[in-house]
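S.K.: Let me give you the structure first, and then I'll get to my questions.
The values are calculated or read from the model by the stated rules, or taken from the named source; none is laboratory data. Keep in mind that what you see is a predicted model, and the values were worked out from it rather than measured. Please note: Cβ atoms are built from the backbone with ideal geometry, for glycine as well, and neighbour counts cover all protein chains shown. These area figures cover heavy atoms from the full protein model, side chains too; ligands, DNA and RNA do not enter into them. Shrake-Rupley method; radii C 1.70, N 1.55, O 1.52, S 1.80 Å.
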Amino acid sequence: MSQENQANWPLYEVFIQSKPGLAHKHVGSLHAPDAQTAIENARDVYTRRSEGTSIWVVPAEAISASSPDDAGEFFEPANDKVYRHPTFYDIPKGVKYL
Amino acid sequence: MEENQLLEKFQEKVDAEIKVEPKDWMPEKYRKTLIRQISQHAHSEVVGMLPEANWLTRAPSLRRKMILLAKIQDEAGHGLYLYSAAETLGVDRQELVEELLSGKAKYSSIFNYPTLTWADIGAVGWLVDGAAIMNQVMLTRTSYGPYSRAMVRICKEESFHQRQGFEIVATLAKGTPEQKEMAQDALNRWWWPSLMMFGPRDDNSPNTAQSMKWKIKRKTNDELREEFIDRTVQQAEAIGLTVPDKDLKWNEERGHYDHGEINWDEFYNVIQGNGPCNQERMKARRDAYDNGRWVREAAKAYAAKRAAKAA
């Protein structure tokens, strides 16, 4: 079995769009010999109850991600910029549509 | 950061109900516990197809057959969601499958009992899936993100499993005296093994405290078992069946049923491989793996051919 292990199918991450107009959302992963088979299998695994109108599969190794260890500093620059939010601004009472 | 400092921060995060994600730092024991628990859960879904497949060709109507097929396909899907969640912890699915086939990994002991009559298919859905759902609903709130998300998907699909099982039992229960007898017999045989599915009693479950602290589990074995009994007794009464426990009694003070002693010797005996179907189940899995080899090879050859053509 170890020989088969070496020849293992690559891992694909699966993203499903649940209806037109919405973003594709990560739902899980599966192993498949190629992308086309991954899409066909993803249909059977992740959309048995009409959960999808479109499927993306991406080789897991092709995904680069930010590091959770540095998340504090990495996202820190946004924390002190409250003026980026509309609630930062004082508007006189009674003024509408702002 | 020092190990115990990391551990402290980890616990703070868990206590604050912030989910743990795959690349986050986690204690080695947390990772190991999850790999063991999630892969056992995945194996149980896969082995769980076998007792049901036993009745696929003999389902009493086309409706029942289609339902059973859909349910079995769901179990395969649930196994896959779970292997996928386990792989985020740094193990390879192939390793996990090999651990199942070699007997190193365990699966739920319930699937080592035989499905002797059609009523058993009803009892499996009603009681076995019912017990599994109690556990799985709790696990939607587990601290590990990918496990929790897999559980949300599974719970959505699983509720049809329990309802279809109950429908089978209820239909038999209002049929001929022989059919009702069959339903009662299935309840008699599946009741106690279903209670065992929740695992040993709290005072004999050494890992529970740590798992609760890390919020891998949110309720103890006995708490879940009690909830299951409270719900199921009422369902049995509604269709005129009797739960096979002479000590079962409503306890007004506690607001729960008191129940008779579970045969823990039987439980451990089945886990150790001596249940009625352990060998048959393992042989079926190994055969499926071996007989499926040519399919895996063919899929690979086909993918290579397709790639060559596209190039």
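S.K.: Go through the stretch B:1-58 and count every residue that is of a type in the set (Phe, Trp, Tyr), closer than 30 Å to residue B:103 by Cβ and assigned to a helix (DSSP H, G or I). Steps first, please.
M.R.: Our first condition is that a residue be of a type in the set (Phe, Trp, Tyr); within the stretch B:1-58, this holds for B:10, B:25, B:30, B:55.
If we keep only those that are closer than 30 Å to residue B:103 by Cβ as well, we get B:30, B:55.
This time we only want the ones that are assigned to a helix (DSSP H, G or I), so: B:30.
Summing the residues that are of a type in the set (Phe, Trp, Tyr), closer than 30 Å to residue B:103 by Cβ and assigned to a helix (DSSP H, G or I) in the stretch B:1-58 gives 1.
S.K.: Another question, then. Residues of the stretch B:281-309 being facing another protein chain (nearest Cβ under 10 Å) and more than 19 Å from residue A:31 (Cα to Cα), which ones?
M.R.: none
S.K.: Oh, and also: When the residues of the stretch B:148-186 are narrowed to those that are among the polar types (S, T, N, Q) and open to solvent by less than 30 Å² (accessible area, probe 1.4 Å), which ends up nearest to the other protein chains (Cβ to nearest Cβ)? Can you show your working first?
M.R.: The first filter runs over the stretch B:148-186 and keeps only residues among the polar types (S, T, N, Q), leaving B:148, B:159, B:162, B:164, B:171, B:176, B:179, B:184.
From what is left, the residues that are open to solvent by less than 30 Å² (accessible area, probe 1.4 Å) are B:148, B:164.
On the way: B:148: 12, B:164: 15 Å.
Taking the candidates together, the pick is B:148.
S.K.: Going by what's in this entry, would residue A:89 be described as more than 14 Å from chain B (Cβ to nearest Cβ) and of a type outside the set (A, V, I, L, M)?
M.R.: Numbers: more than 14 Å from chain B (Cβ to nearest Cβ): yes; of a type outside the set (A, V, I, L, M): yes.
Yes, satisfied.
S.K.: Shifting gears a bit: Quick check on the stretch A:41-57. Is at least one of its residues touching a helix residue (DSSP H, G or I) at 6+ places or on another chain (Cβ under 6 Å) and either aromatic (Phe, Trp, Tyr) or open to solvent by 50 Å² or more (accessible area, probe 1.4 Å) (or both)? Talk me through it step by step, then tell me what you get.
M.R.: Kept after step one, since they are touching a helix residue (DSSP H, G or I) at 6+ places or on another chain (Cβ under 6 Å), are these residues of the stretch A:41-57: A:45, A:55, A:57.
Still in the running and either aromatic (Phe, Trp, Tyr) or open to solvent by 50 Å² or more (accessible area, probe 1.4 Å) (or both): none.
No, every residue in the stretch A:41-57 fails to be touching a helix residue (DSSP H, G or I) at 6+ places or on another chain (Cβ under 6 Å) and either aromatic (Phe, Trp, Tyr) or open to solvent by 50 Å² or more (accessible area, probe 1.4 Å) (or both).
S.K.: Can you confirm whether residue A:27 is within 11 Å of another protein chain (Cβ to nearest Cβ), within 16 Å of the chain's Cα centre (by Cα) and assigned to a strand (DSSP E or B)? Steps first, please.
M.R.: On the way: within 11 Å of another protein chain (Cβ to nearest Cβ): yes; within 16 Å of the chain's Cα centre (by Cα): yes; assigned to a strand (DSSP E or B): yes.
Considered against the rule, which asks whether it is within 11 Å of another protein chain (Cβ to nearest Cβ), within 16 Å of the chain's Cα centre (by Cα) and assigned to a strand (DSSP E or B), residue A:27 comes out as yes.
S.K.: Let me ask something additional. Taking residue B:223 and the conditions (1) open to solvent by less than 80 Å² (accessible area, probe 1.4 Å); (2) away from every other protein chain (no Cβ under 14 Å); (3) assigned to a helix (DSSP H, G or I); (4) out of contact with any Lys or Arg (no Cβ under 9 Å at 6 or more places or on another chain), which numbered condition does it fall short on, given that it satisfies the others?
M.R.: Failed condition: (1).
Results for (1) open to solvent by 100 Å² or more (accessible area, probe 1.4 Å); (2) more than 8 Å from every other protein chain (Cβ to nearest Cβ); (3) in contact with a strand residue (DSSP E or B) (Cβ under 9 Å, 6 or more places away or on another chain); (4) outside any loop (DSSP other than H, G, I, E, B), shown as yes or no for each residue.
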position: A:16; (1), (2), (3), (4): no, yes, yes, yes
position: A:61; (1), (2), (3), (4): yes, yes, yes, yes
position: A:66; (1), (2), (3), (4): no, yes, no, no
position: A:71; (1), (2), (3), (4): no, yes, no, yes
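S.K.: Mind checking whether some residue in the stretch B:283-292 is outside any helix (DSSP H, G or I), touching a Leu at 6+ places or on another chain (Cβ under 9 Å) and at negative phi? Can you show your working first?
M.R.: First, pick out the residues of the stretch B:283-292 that are outside any helix (DSSP H, G or I): B:292.
From what's left, touching a Leu at 6+ places or on another chain (Cβ under 9 Å): none.
Scanning the stretch B:283-292 turns up no residue that is outside any helix (DSSP H, G or I), touching a Leu at 6+ places or on another chain (Cβ under 9 Å) and at negative phi.
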